[in-house]
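The values are calculated or read from the model by the stated rules, or taken from the named source; none is laboratory data. Just so you know, these numbers come straight off a predicted model, no measurement behind them. Note that we place each Cβ from the backbone using ideal geometry, even for glycine, and neighbour counts take in every protein chain shown. Note: accessible area is taken over every heavy atom of the protein model, side chains too, but ligands, DNA and RNA are not part of it. Shrake-Rupley method; radii C 1.70, N 1.55, O 1.52, S 1.80 Å.
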Amino acid sequence: QVQLVESGGGLVQPGGSLGLSCAASGSISRVNVMSWYRQAPGKQRELVATITNGGSTTYADSVKDRFTISRDNPKNTVYLQMNSLKPEDTAVYYCNVWFLGGNYWGQGTQVTVSS
């Protein structure tokens with residue numbers, strides 16, 4: 001069984017910064033992809049950023065140059081640094097880990113960007 005525990009959400013003003021973290025525990029393949037998704041009210045869940053165990057990253061166009069995904073492999077932890085936040089970044093952010101034979105989600109953490 002794999003568990004993902006997210007932390008770091010909250011309220012921030014437009015233009016501000018916020019960092020999220022997600023610690024994974026359990027039987028996780030060394031070869032995996034860790035990702036952040038988000039879901040705003042009334043919208044579908046969307047992919048924000050991904051990072052492989054080798055460090056390759058991809059980003060949604062809407063967050064490119066503002067968000068940075070990183071990871072600590074020995075700790076099975078993934079991070080999302082969010083800068084220049086906009087009201088449209090408001091959503092519940094979910095951590096995901098995928099590997100052959102497994103696909104797991106965190107419980108979600110709320111990020112609200114508002115003045």
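What to note about this one:
- Surface share of carbon and sulfur [accessible, 1.4 angstrom probe, percent] for the chain: 48 percent
- Of the beta bridges in the chain, as assigned by DSSP with both residues counted there, near 95 percent are antiparallel.
- Dipole magnitude of the chain about its Cα centre (Cβ charges: Lys, Arg +1; Asp, Glu -1), debye to nearest 20: 120 debye
- Heavy atoms of the protein chains alone define the surface here; on that basis the chain has 53 Å² accessible area per residue at 1.4 Å probe size.
- Taking the charge dipole of the chain about its Cα centre, with +1 at Lys and Arg Cβ atoms and -1 at Asp and Glu Cβ atoms, the residue from 31, 69, 98 reaching farthest to the positive side is 31.
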